Amino acid sequence: MNIPSSSYPRVVIVGGGFAGIALARKLRNHKLQVVLIDKHNYHTFQPLLYQVATGGLEAGSIAYPIRKVIQEYKDFYFRLTSVKEIDTPNQKIISEIGDLHYDYLVIATGSKTNYFGNKEIERNAMSMKTIPQSLNIRSLILENFEQAVLTKDVKERNALINFVLVGAGPTGVELAGALAEMKKAILQKDYPDLDIDKMQINLIQSGDRVLNTMSEKSSAAAEKFLVNLGVKIWKNIRVTNYDGRTISTNSEVTFDSATVIWTAGVQGAKIAGLDSKSLVEKVDRIRVNQFNQVLGYENIFAIGDIASMETELYPQGHPMMAQPAMQQGKLLGVNLVKLIHKKEMIPFDYNDKGSMATIGRNLAVVDLHRFHFNGIFAWFVWMFVHLFSLIGFKNKAVVFLNWVYNYIKFDREGRLIIRPFKKKSFTTFTSDEL
């Protein structure tokens with residue numbers, strides 16, 4: 001990897017997400033050599049991916065160069081690659097561009113979409129965990145409408161403008177609301193020769209309520225907002241298969257759709273090489289102690305979505321969200337310095353600052369410790385929190401100006417097919433898949 005030798009201990013961080021960036025910032029200008037590795041050269045603000053997918057924002061406004069984050073840090077290095085395996089006996093990582101020895105290793109690889117072992121759904125459905133995936137969804141949505149205006153087959157046309165979202169967590173709810181607003185204010189202008197009223201937005205949830213990790217009050221409010229926007233909500237239904245055209249469920253309900261977006265679950269993005277006893281089966285998270293040390297290893301740590309710190313309050317690990325990731329990253333930065341200087345480390349104590357989700361224009365739900373509120377005030381709170389959390393002044397300014405413009409004009413000018421994407425499984429499509 002061409003990393004120079006150093007007299008200082010080498011800390012290798014795998015992953016430039018919320019946890020990895022928080023840790024890198026905390027380790028700056030200490031007597032350490034830090035190497036940050038990621039398969040992308042940018043940090044992604046994942047909570048706003050759905051706005052990229054629906055044309056509300058351009059990809060560059062929610063991405064920030066990792067090298068710019070660390071460019072003023074002493075003895076800090078970034079390498080663009082994927083880590084294939086960890087060689088724990090020899091304390092080195094094996095990557096696509098070579099091997100690298102570590103004194104301390106931090107795994108912050110985050111999560112990926114969980115299809116629960118269903119390979120056909122994985123092959124045919126769309127996921128939304130990265131910027132390229134969001135751009136693919138945006139292209140597919142717009143290409144479906146372009147194809148719909150050409151076809152004379154009513155069933156094919158209906159399938160092209162029938163959107164099915166599987167999973168009614170924050171991502172599914174926010175994406176459903178964004179699509180509903182596109183239908184209401186934009187698509188009917190762009191496609192006057194289509195009967196946009198025939199466009200369907202179906203949100204499928206295997207449980208008995210949407211946003212089931214939030215309060216019942218917020219869940220009920222979110223469902224009401226979605227229904228008023230024209231979203232069809234299907235509860236207590238589990239998707240069993242999707243062949244690229246027809247969705248099968250565990251009930252008699254089926255759907256014909258050219259676009260299925262899977263937001264039903266996530267799992268850890270694990271790396272090979274760790275003892276199997278350190279892994280949580282099915283969700284591929286790594287078991288860690290209260291200091292985020294991987295069980296069975298003293299100098300290997302895991303933080304963020306990939307880490308499963310099982311406590312009395314969180315028996316299955318902390319929520320796979322940005323706040324636990326950032327808090328773990330910041331504390332580990334302190335603890336690594338303490339560990340190197342043989343001082344007692346501080347156990348992690350998650351400070352739950354609440355949760356929120358936006359459904360659309362002037363519509364959001366917010367859960368704080370003692371307060372649950374929704375509507376326009378919740379929407380402003382959601383915007384402020386997300387705007388403040390973005391990295392970089394330029395990104396904050398661009399997103400804010402986009403939001404102001406979209407609000408005043410009720411428009412989304414990012415509905416551009418920059419990278420054509422067409423699914424091989426839908427017979428109408430003929431272009432090569434990206």
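Looking only at the range 25-54, residues that are in contact with a helix residue (DSSP H, G or I) (Cβ under 6 Å, 6 or more places away or on another chain) and among the hydrophobic types (A, V, I, L, M, F, W, C) come to 7 in all. Checking each residue in the range 258-268 for being surrounded by fewer than 22 Cβ atoms within 10 Å (Cβ to Cβ) and under 12 Å from the mean Cα position of the chain (by Cα) picks out G265, V266, Q267. Would the range 40-63 turn up any residue that is closer than 16 Å to M1 by Cα and among the polar types (S, T, N, Q)? Yes, there is a match, as at least one residue in the range 40-63 is closer than 16 Å to M1 by Cα and among the polar types (S, T, N, Q).
Residue-wise test of (1) in a loop (DSSP other than H, G, I, E, B); (2) at pLDDT 95 or above; (3) in contact with a Ser or Thr (Cβ under 6 Å, 6 or more places away or on another chain).
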{"residue": "K184", "(1), (2), (3)": "no, no, no"}
{"residue": "Q188", "(1), (2), (3)": "no, no, no"}
{"residue": "D193", "(1), (2), (3)": "yes, no, no"}
{"residue": "I201", "(1), (2), (3)": "no, yes, no"}
{"residue": "I204", "(1), (2), (3)": "no, yes, no"}
{"residue": "L211", "(1), (2), (3)": "yes, yes, yes"}
{"residue": "S219", "(1), (2), (3)": "no, yes, no"}
{"residue": "E223", "(1), (2), (3)": "no, yes, no"}
{"residue": "L226", "(1), (2), (3)": "no, yes, no"}
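When K119, K129 are checked against the criterion of being open to solvent by 60 Å² or more (accessible area, probe 1.4 Å) and either of a type outside the set (A, V, I, L, M) or at pLDDT 95 or above (or both), a single residue qualifies: K119. Residue count for the range 305-339, restricted to those that are surrounded by fewer than 18 Cβ atoms within 10 Å (Cβ to Cβ), charged (D, E, K, R) and touching a helix residue (DSSP H, G or I) at 6+ places or on another chain (Cβ under 9 Å): 1. All of (1) within 24 Å of the chain's Cα centre (by Cα); (2) exposed (fewer than 14 other Cβ atoms within 10 Å of the Cβ); (3) not polar (S, T, N, Q) hold for K342 with one exception: (1). Among the residues making up the range 49-79, a single one is more than 20 Å from L179 (Cα to Cα), assigned to a loop (DSSP other than H, G, I, E, B) and of a type in the set (S, T, Y): Y73. I'm trying to understand the selection: among the residues of the range 144-172, which are aliphatic (A, V, I, L, M), buried (at least 20 other Cβ atoms within 10 Å of the Cβ) and touching a residue at least 40 places away in the same chain (Cβ under 8 Å)? Matches in the range 144-172: A148, A159, L160, V164, L165, V166, A168.
On the given criteria, is R245 surrounded by 15 or more Cβ atoms within 10 Å (Cβ to Cβ) and either over 24 Å from the mean Cα position of the chain (by Cα) or modelled with pLDDT under 95 (or both)? Here the answer is yes, as R245 does meet what is asked.
The values are calculated or read from the model by the stated rules, or taken from the named source; none is laboratory data. Everything quoted here is computed from the prediction, not taken from an experiment. Virtual Cβ from ideal backbone geometry, glycine too; neighbours counted across all protein chains shown. For accessibility, only protein heavy atoms count, side chains too; no ligands or nucleic acids. Shrake-Rupley method; radii C 1.70, N 1.55, O 1.52, S 1.80 Å.
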